[in-house]
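The values are calculated or read from the model by the stated rules, or taken from the named source; none is laboratory data. These numbers come from a predicted model, not from an experiment. Virtual Cβ from ideal backbone geometry, glycine too; neighbours counted across all protein chains shown.
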Amino acid sequence: MSEPTDKPTDQPTDKPIDARKDSLIEYPSKFPIKVMGAKADGFVHAITQIAERFDPDFDASTVELRPSSAGNYLGVTITVTATSREQLDDIYRALTAHPMVKVVL
């Protein structure tokens, strides 16, 4: 049996790529980020400082907290105003690099 000769190519097209169309997110928009870490003094403050660094309009009163069933960990949901994919990538990098953070979703 012979193989098909109509293999798709990865050749670039002449059309410019519009990054806004490649995203499922419409910018600007409210974007929730869940951050988990050990329940410790300063954890929530550290997370809100990172959010404020990337979103000057961040409203700390919207932060949601969920302790784990054993009370050792804390889930923090922050909602930022996402303005670009790059901004969201930068926020995720900053959050995951923080020593108190275990998981970012």
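Identify the residue in the range 61-92 that is in a helix (DSSP H, G or I) and of a type in the set (Ser, Thr, Tyr) and, among all such residues, is farthest from the chain's Cα centre (by Cα). Here the residue is Ser61. Count of the range 63-105 residues, restricted to those that are in contact with a Pro (Cβ under 9 Å, 6 or more places away or on another chain) and of a type in the set (Val, Ile, Thr), is 6.
Against the condition out of contact with any His (no Cβ under 9 Å at 6 or more places or on another chain), within 18 Å of Ala38 (Cα to Cα), part of a helix (DSSP H, G or I) and in contact (Cβ under 8 Å) with a residue 24 or more places away in the chain, how does Leu95 come out, does it pass? Quick ask: steps written out before the conclusion?
Details: out of contact with any His (no Cβ under 9 Å at 6 or more places or on another chain): yes; within 18 Å of Ala38 (Cα to Cα): yes; part of a helix (DSSP H, G or I): yes; in contact (Cβ under 8 Å) with a residue 24 or more places away in the chain: yes.
Taking the combined requirement at face value, the residue satisfies it.
Is it true that Phe58 is surrounded by 14 or more Cβ atoms within 10 Å (Cβ to Cβ), at pLDDT 95 or above, under 15 Å from the mean Cα position of the chain (by Cα) and assigned to a loop (DSSP other than H, G, I, E, B)? It is true that Phe58 is surrounded by 14 or more Cβ atoms within 10 Å (Cβ to Cβ), at pLDDT 95 or above, under 15 Å from the mean Cα position of the chain (by Cα) and assigned to a loop (DSSP other than H, G, I, E, B).
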